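A.B. asks: Just dropping this structure here.
Each reported figure results from applying straightforward, stated rules to the coordinates on display, with no laboratory input. Because the structure is a prediction, the values reported are computed rather than measured. Here the Cβ positions follow ideal geometry from the backbone for every residue, glycine too, while neighbour counts run over all protein chains shown.
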Ligand code: NA7
């Protein structure tokens, strides 16, 4: 039963004296608002929709500039909640025009009879949480004040156009137009001199259309954007066939995908493809005319690795040079200041060819900034352009603008949302804000929103929110509010996700950089639609984790905590492993486990190229194999003797191949991975003695191996870290070899199993307590376990080489690694620690799978370089996007 005392209705909204009582108020009558109203009504809530516009449509109501279209294929950019609806509407084009999308939304409003619940032409002027009534009070520009229990902002992400920011706009004698507020009447640009400022998606769509009409078009471009052809036309047959083959599966795949479009993840790596193969994949993507496709299907490293990304960007720039005839214009149109995808790329139709027209001029504002708008046109540093019309395609105060700027929102204890967000938006799940009970944001900052197919994200948000309202009603609860801890945890998880992307290298509206003075930070959730959905579901299944819910008579429920503490890619990998339901390694027997690991490793990404990889053997009683990784630079190089992981039972000199390659590239040093002997065939102390013997031999043969004679370094992961640590102790005690530094990664250092990390991470993080017991049992009898050659923590720690000890938060071995580092420090050994938060035992060696491990490896590499007396490696990531290429260079590159 609706709790409202007065049913919402548009007709009574003109009575200013009455307070309209509803269960829920929803601002916005676009994709999100319409669906929410429909769901609320079906669930029996009374609701009112409010929109400043005079009809439904949201962003599609306002953005009616020439050429406006969606750039997610319309088969994807549709509601999916009602299978009958999918029969009732068929899009006419691959990318629908703004008028068609507006018709669709009108059709939806009619079909579900939504108009009657929406107050159009009505702005909310303030929203205040009434603590006593436990309700929101909304004042409006038109009609009755509203009292509602729940307040939902379905205001869209790109609804608040940016002000012009250029002096003199008021002086202009001609017509000023904004793409984001295009007039509803026909705009006749025939015979006019038109200037367009801005070359984002709106400008890129509008410019070719305006050029067809105008006498002359001058485009004022501050930053060139990546754009590729939309290849619009009738709906693509393959995509539609895929949809028609199994509609439900198609939609379900979209819901669990990264971008909300049913495209599988790609597992090709740029360095494993030839130039010709890369070009072939690129041409296919270029021909596809699909943003999600080209953003994800070229190679797996295109979105998170600057080198992989630059390969795409170069091919895109090549296309610009092919299409645009004037080399200087082509150079000016070639994006240079951001990685491809880090700023919203655009789909275009005739955009680049427009610059081959005689009536179009491109003004590069990087060379000649705008000085002012005058009564007759635009003046730059160098020239004056007389204009009849100026079109601002300058974008939006994105994501927060539509929430924060539209009206004051005052939450608990009189807190203003603007104040709370002054240093950037803070949310839990992008859906709620601590201190603002019963306020919900749809596609707000902190949700996948603009990095996804909005239609899919909107349905997920709306369903999640309305389902919670239903549950609360069923349980007699009346308020819901995020806790501070949950919100802080979400901010950290957001930052962890962003670190996986290249967004940090671009100034964009995603980060607030397009609005002067706005706080900076990646606002959308970059972890993907599917992972986000699973997190939202997990919040519920874990008893509304991170929310405080209250009801009448002091009823309260709060299960406080952070929903994701693992690094996002660690979470994905562990979930995947859990789904595989593998038998425990320790149940396979030693040989079975070795076969399993070999098989498992076949599926991992190939390691990156290094200068040379060669295999050899170390002579001696037992010939030990090794694999040497040499950098591509001129030698000789310092040598790192490396010991692989595998609990003294599993693995060989090749089993940490991607790690050795990666570290060889990062350090510029030779890595020699040693194939020491394993238990049960060779029990303690064979592995330790082999490690020591191999290090001595490598040190003695450094020149022969292409290394610098003198001290070597040692490194190892897990049991290999144990061998590296032990080798340092043996080398000190046995008069050499000289070791200049030790890198111990999640090392085994002690035979005690009672440190907290063993209990906290005993199961569920791949390396389990039971697996560690198994390794110990196979390698070492209980009587030997306190021997420093297997428990180096129990040995003498003075006089050892400087150490870098990396541990992982979710690793049973964490605390013994920390204890070793602390022990070394206490013994006067220079030691640095890396405590990888959110990481598990395998994080650092799962190269190109656990992408977040890369930043940690970069630190390890720096430590090794320091130990070897090398200067810090130059990190030029940002510098690569700071310099604008000159036309001459571009032409030279084009050959
Ligand atoms: P965008 O993508 O923010 O593009 C705005 C454009 O306007 C961009 O080229 C800006 O250059 C330019 N701009 C902004 N302010 C100025 C000033 N003051 N002077 C000169 N040029 C300026 O907005 P859109 O409307 O095109 O697209 C928004 C989203 O809608 C789009 O990403 C899709 O998701 C749909 P800058 O790059 O800041 O140097």
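A.B. asks: Restrict the check to region 239-251 and report whether at least one residue is within 13 Å of the ligand (Cβ to nearest atom) and under 27 Å from the mean Cα position of the chain (by Cα). Can you show your working first?
C.D. replies: Going through region 239-251, the residues within 13 Å of the ligand (Cβ to nearest atom) turn out to be none.
No - not one qualifying residue is present in region 239-251.
A.B. asks: Another one. Tally up the residues in region 202-235 that are within 16 Å of the ligand (Cβ to nearest atom) and assigned to a helix (DSSP H, G or I), please.
C.D. replies: The number of residues fulfilling the criteria is 9.
A.B. asks: Any idea how many residues of region 173-186 are in a loop (DSSP other than H, G, I, E, B) and either loosely packed, with under 13 Cβ neighbours inside 10 Å or in contact with a strand residue (DSSP E or B) (Cβ under 7 Å, 6 or more places away or on another chain) (or both)? Break it down into steps so the answer makes sense when it comes.
C.D. replies: Our first condition is that a residue be in a loop (DSSP other than H, G, I, E, B); within region 173-186, this holds for 173-174, 182-186.
Cutting the leftovers down to either loosely packed, with under 13 Cβ neighbours inside 10 Å or in contact with a strand residue (DSSP E or B) (Cβ under 7 Å, 6 or more places away or on another chain) (or both) gives us 173-174, 183-186.
So the answer is 6.
A.B. asks: Out of 806, 825, I need the residue that is surrounded by 24 or more Cβ atoms within 10 Å (Cβ to Cβ) and either touching a helix residue (DSSP H, G or I) at 6+ places or on another chain (Cβ under 8 Å) or not in a strand (DSSP E or B) (or both). Which one?
C.D. replies: Selected residue: 806, the only one of 806, 825 that is surrounded by 24 or more Cβ atoms within 10 Å (Cβ to Cβ) and either touching a helix residue (DSSP H, G or I) at 6+ places or on another chain (Cβ under 8 Å) or not in a strand (DSSP E or B) (or both).
A.B. asks: What number of residues within region 548-581 are assigned to a loop (DSSP other than H, G, I, E, B) and either closer than 20 Å to residue 848 by Cα or in contact with a helix residue (DSSP H, G or I) (Cβ under 8 Å, 6 or more places away or on another chain) (or both)? If you could, list the steps in order and put the result at the bottom.
C.D. replies: Start the filter on region 548-581 by keeping residues that are assigned to a loop (DSSP other than H, G, I, E, B), which leaves 551, 555, 560-567, 581.
If we keep only those that are either closer than 20 Å to residue 848 by Cα or in contact with a helix residue (DSSP H, G or I) (Cβ under 8 Å, 6 or more places away or on another chain) (or both) as well, we get 551, 560-567.
Of the residues in region 548-581, 9 are assigned to a loop (DSSP other than H, G, I, E, B) and either closer than 20 Å to residue 848 by Cα or in contact with a helix residue (DSSP H, G or I) (Cβ under 8 Å, 6 or more places away or on another chain) (or both).
A.B. asks: Applying the selection to region 150-171, what residues are assigned to a loop (DSSP other than H, G, I, E, B), more than 9 Å from the ligand (Cβ to nearest atom) and buried (at least 18 other Cβ atoms within 10 Å of the Cβ)?
C.D. replies: 154, 155, 156, 159, 160
A.B. asks: Still on this model: Restricting to region 92-113, count the residues that are in a loop (DSSP other than H, G, I, E, B) and either under 26 Å from residue 181 (Cβ atoms) or within 16 Å of the ligand (Cβ to nearest atom) (or both). So that I can check it myself, show each step before the final result.
C.D. replies: So the first thing to find is which residues in region 92-113 are in a loop (DSSP other than H, G, I, E, B), and the list is 92-96, 112-113.
Then drop every residue that is not either under 26 Å from residue 181 (Cβ atoms) or within 16 Å of the ligand (Cβ to nearest atom) (or both), which leaves 93, 95-96.
Here the count works out to 3.
A.B. asks: For region 483-523, what are the residues that are closer than 19 Å to residue 158 by Cα, away from the ligand (no atom under 14 Å from the Cβ) and out of contact with any helix residue (DSSP H, G or I) (no Cβ under 9 Å at 6 or more places or on another chain)?
C.D. replies: Scanning region 483-523 gives a single hit, 519.
A.B. asks: Tell me which residues, restricted to region 840-862, are in contact with a helix residue (DSSP H, G or I) (Cβ under 8 Å, 6 or more places away or on another chain), farther than 17 Å from residue 607 by Cβ and outside any loop (DSSP other than H, G, I, E, B).
C.D. replies: 840, 855
A.B. asks: Could I ask something else about it? For residue 443, only one of the following conditions fails: (1) under 20 Å from residue 29 (Cα atoms); (2) more than 16 Å from the ligand (Cβ to nearest atom). What is its number?
C.D. replies: Residue 443 satisfies every listed condition except (2).
A.B. asks: Report whether or not residue 199 is within 11 Å of the ligand (Cβ to nearest atom), surrounded by 20 or more Cβ atoms within 10 Å (Cβ to Cβ) and farther than 30 Å from residue 80 by Cα.
C.D. replies: Numbers: within 11 Å of the ligand (Cβ to nearest atom): yes; surrounded by 20 or more Cβ atoms within 10 Å (Cβ to Cβ): yes; farther than 30 Å from residue 80 by Cα: yes.
Considered against the rule, which asks whether it is within 11 Å of the ligand (Cβ to nearest atom), surrounded by 20 or more Cβ atoms within 10 Å (Cβ to Cβ) and farther than 30 Å from residue 80 by Cα, residue 199 comes out as yes.
A.B. asks: Given the conditions (1) surrounded by 17 or more Cβ atoms within 10 Å (Cβ to Cβ); (2) touching a residue at least 12 places away in the same chain (Cβ under 8 Å); (3) in contact with a helix residue (DSSP H, G or I) (Cβ under 9 Å, 6 or more places away or on another chain), and given that residue 837 satisfies all but one, which numbered condition is not satisfied?
C.D. replies: (1)
A.B. asks: Among (1) more than 12 Å from the ligand (Cβ to nearest atom); (2) in contact (Cβ under 8 Å) with a residue 24 or more places away in the chain; (3) on the phi < 0 side of the Ramachandran plot, which single condition is residue 57 missing?
C.D. replies: (3)
A.B. asks: Within region 295-327, count every residue that is within 26 Å of residue 238 (Cβ to Cβ) and in contact with a strand residue (DSSP E or B) (Cβ under 6 Å, 6 or more places away or on another chain).
C.D. replies: 1
A.B. asks: Looking for something more than 23 Å from residue 146 (Cβ to Cβ), touching a strand residue (DSSP E or B) at 6+ places or on another chain (Cβ under 9 Å) and part of a helix (DSSP H, G or I) - is there at least one such residue anywhere in region 428-436? First the steps, then the outcome.
C.D. replies: Initial filter on region 428-436 (more than 23 Å from residue 146 (Cβ to Cβ)): 428-430, 434.
When the remaining residues are screened for being touching a strand residue (DSSP E or B) at 6+ places or on another chain (Cβ under 9 Å), the result is 428-430, 434.
Now restrict to residues that are part of a helix (DSSP H, G or I): none.
The answer is no; no qualifying residue exists.
So that you can scan it fast, the table gives a plain yes or no per residue for (1) crowded, with 19+ Cβ neighbours inside 10 Å; (2) more than 25 Å from the chain's Cα centre (by Cα); (3) under 27 Å from residue 396 (Cβ atoms); (4) in contact (Cβ under 8 Å) with a residue 12 or more places away in the chain:
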{"site": "259", "(1), (2), (3), (4)": "yes, no, yes, yes"}
{"site": "262", "(1), (2), (3), (4)": "yes, no, no, yes"}
{"site": "280", "(1), (2), (3), (4)": "no, yes, no, no"}
{"site": "283", "(1), (2), (3), (4)": "no, yes, no, no"}
{"site": "296", "(1), (2), (3), (4)": "yes, no, yes, yes"}
{"site": "303", "(1), (2), (3), (4)": "yes, no, yes, yes"}
{"site": "323", "(1), (2), (3), (4)": "no, yes, no, yes"}
{"site": "353", "(1), (2), (3), (4)": "no, yes, no, yes"}
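A.B. asks: Does residue 715 meet the test of being part of a helix (DSSP H, G or I), in contact (Cβ under 8 Å) with a residue 60 or more places away in the chain and buried (at least 23 other Cβ atoms within 10 Å of the Cβ)?
C.D. replies: Values: part of a helix (DSSP H, G or I): no; in contact (Cβ under 8 Å) with a residue 60 or more places away in the chain: yes; buried (at least 23 other Cβ atoms within 10 Å of the Cβ): yes.
When the stated conditions are applied, residue 715 does not pass them.
Yes/no per residue for (1) part of a loop (DSSP other than H, G, I, E, B); (2) within 17 Å of residue 790 (Cα to Cα); (3) under 38 Å from the mean Cα position of the chain (by Cα):
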position	(1), (2), (3)
640	no, no, yes
663	no, no, yes
678	yes, yes, no
704	yes, no, no
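A.B. asks: Quick check on region 364-394: of everything there that is within 11 Å of the ligand (Cβ to nearest atom) and crowded, with 22+ Cβ neighbours inside 10 Å, which residue is farthest from residue 479 (Cα to Cα)?
C.D. replies: This residue is 378.
A.B. asks: Please go through region 736-780 and pick out each residue that is under 23 Å from residue 845 (Cα atoms) and in a helix (DSSP H, G or I).
C.D. replies: Within region 736-780, 757, 758, 760, 769, 770, 771, 772, 773, 774, 775, 776, 779 meet the criteria.
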